[in-house]
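Working notes, beginning with the structure itself.
Any read-out appearing in this document is the output of simple, stated calculations on the displayed coordinates, not a laboratory observation. Fair warning: this is a prediction, and the values are worked out from it, not measured in the lab. Because the Cβ atoms are built from the backbone with ideal geometry, glycine has one as well, and the counts that use them run over all protein chains shown.
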Amino acid sequence: MKFQWVGGQCLKSKRESIPVINPATEEVLDHVPRGTAADADRAVQAAREAFKTWRWVPALEKAQMLHRIAADLRARQKELATLMTQEGGKPWCENRDEVEWVAACFQYYAEVGRNSRGSSLPPTFHHQVNFTIKEPYGVVVGIIPWNYPLLLMVWKVAPALMAGNTIILKPSEETPLSLLNMVDIFEKHLPPGVVNIVTGYGEEVGEALVKHPGTDLIAITGSVETGKRVGQLCAAQVKKFHGELGGNDPFIVCSDADLDIATRACAWAAFLNTGQVCTSAKRIYVFNDIADEFVKRVVKFTKSLKLGNGLDPDTDIGPMINMKQLNDVHARVTDAVRDGAKVLCGGGRPLNPKRGFFYEPTVVVNVKQKMRLVHTETFGPILPIMRVKDIDHAIELANDSNYGLGANIYTNNMEWAMKAMERITAGTFWINDPLTDNDAGPFGGMRQTGHSRELGEEGLDEFRETKHVHLDYKQEIKPYWYPYAKYNRLASQ
């Protein structure tokens with residue numbers, strides 16, 4: 001049984017525990033506490049107490065702590081990757097890479113966070129100085145999803161800490177173990193209360209943290225529905241809300257694309273982490289000229305992929321996170337077929353393995369834009385293909401969405417690429433290299449995906465608020481002060 005981590009101490013909950021299920025075997029891995037509002041309150045008190053001193057720790061010292069955390073994560077890479085595979089289902093190699101990305105992100109913000117605290121501004125009068133100071137908000141709540149339990153944690157923790165905030169993390173009840181496995185690393189390198197971890201259900205402990213008057217900023221990665229709920233609660237308190245709320249990314253394959261490359265890139269972008277990625281390619285738009293050949297190649301490649309337990313080194317695609325998610329994806333495929341779509345491969349649960357939440361990687365054609373399968377976010381291994389006449393047609397359909405997280409295009413035609421880049425509403429636009437992130441480049445969306453940014457200097461500024469300082473180094477009576485009679489006479493001269 002794992003425990004919560006509050007104020008540098010293990011915290012037991014008085015309620016029953018939550019089982020953590022291995023999605024590949026359906027076996028119980030461990031249990032975590034079902035946190036309460038009282039647990040949330042203890043975490044807030046610990047974080048507020050720690051904030052009194054943490055905000056004043058010099059940036060260089062903070063940076064050294066984050067560098068040490070990164071080093072310990074790399075030393076534990078294999079162990080963490082194995083645990084993440086067991087609780088989340090991703091193939092082990094994907095989780096190994098995730099741990100490296102987490103370590104690199106801690107290092108990035110260790111350096112960026114000590115690089116600036118504000119800026120100097122040109123004054124408007126003589127003997128005056130103007131500058132800004134960027135200050136921490138206070139206590140941050142990080143609500144972490146299950147699909148990337150450590151990566152989407154560090155995108156919040158690293159900049160929040162370097163900005164001078166303390167933080168309370170609420171991991172998903174589906175994948176809390178890998179974060180709890182890091183408790184000793186946080187304990188070793190950070191003062192008590194700077195990072196706190198509370199487990200439980202969102203509507204219980206998560207909502208208690210959001211509503212708590214002692215929390216100052218809520219950072220969440222999740223669904224649009226969850227984000228709207230959290231955003232409403234924050235708005236009622238005029239509390240800072242930072243949200244990345246999913247996506248429904250288009251993937252355009254132009255007539256000049258190298259199909260050997262584009263088909264494999266498309267399959268990877270659609271099936272990575274069993275399609276359970278906010279930036280997955282969820283709507284594939286292929287030029288008519290090459291559509292038949294593209295479909296033929298992507299189906300052949302999809303059939304070659306191995307479905308299985310992520311700990312098997314031959315596995316390409318692991319299980320889905322749970323049966324509820326699997327049933328939702330299958331219902332979307334079933335609805336699309338009923339409305340005229342055609343499944344060319346996949347489309348259901350495999351005969352082997354017999355246990356686990358596995359769903360076959362699926363290629364669907366004859367898809368219509370308004371089908372639920374493509375018009376809303378489908379979080380599963382589905383590759384729906386639609387034909388388009390030209391680049392303008394592709395751009396039109398790509399923009400027909402309430403989301404705006406990312407977009408992809410495969411082409412060497414610079415006019416097509418730049419036209420699509422300028423006209424498609426998306427926070428990230430990938431040309432010939434899907435889903436690649438860069439710690440120095442901001443990540444986030446538009447429209448209902450949310451308008452916050454993670455990574456880059458923008459990601460640091462999300463956790464800092466700006467104070468303007470106006471300094472006049474010469475004390476004197478200003479001519480525009482009271483009484484106005486003299487001021488008006490001077491102005492009229």
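Data overview
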item	result
Listed residue (Phe51, Gly89, Thr376) projecting farthest to the positive dipole end of the chain, Cβ model	Phe51
Per-peptide average of other Cβ atoms within 10 Å, ordering 210-220, 425-435 highest first	210-220, 425-435
Value at 222 nm in deg cm²/dmol, rounded to 500, when DSSP H runs of n ≥ 4 in the chain each add -39,500 (n - 2.57)	-12000 deg cm²/dmol
Nearest-ten-degree value, helix 414-423 long axis tilted from longest Cα axis of the chain	60
Relative packing of peptides 402-411, 274-283 - highest average C-beta neighbours within 10 Å first	274-283, 402-411
Per-residue ³J(HN,Hα) for the range 177-184, Karplus 6.51 cos²θ - 1.76 cosθ + 1.60, θ = phi - 60°, Hz, x for Gly and Pro	5, 5, 5, 5, 5, 8, 3, 5
Of the chymotrypsin sites (Phe, Trp or Tyr not before Pro) in the range 1-85, those whose Cβ has at most 15 other Cβ within 10 Å and which sit in DSSP loop	Trp56
Contact order relative to length of the range 338-493, as percent, for alpha carbon pairs under 8 angstrom and 6 or more apart	13
Angstrom value of the Kirkwood radius, inverse mean 1/r, which spans all Cα pairs in the chain	24.2
Alpha-carbon centroid distance for the pair the range 229-279 / the range 7-75, whole angstrom	27
Given Lys188/Lys240; Lys14/Lys240; Lys62/Lys90; Lys156/Lys239; Lys211/Lys240; Lys14/Lys228, the pairs whose alpha carbons are separated by over 24 Å	Lys188/Lys240; Lys14/Lys240; Lys62/Lys90; Lys14/Lys228
Packing-based ranking, highest mean first, of 449-458, 304-313 given that Cβ atoms within 10 Å are counted	449-458, 304-313
Principal-axis tilt of helix 151-162 within the chain, Cα atoms, nearest 10 degrees	10
Long-range HN-HN contacts of Glu174 with modeled amide H, under 5 Å	none
Angle between the chain longest axis and helix 59-75 axis [Cα atoms, degrees, rounded to 10]	20
Under 5 Å, built H, 5+ apart or other chain: amide partners of Asp30	Val20
Principal axis dimensions, the range 249-431 - Cα atoms, whole angstrom, descending	49, 30, 29
Computed magnitude of the charge dipole of the chain (debye, nearest 20; Cβ of K, R +1, Cβ of D, E -1)	1160
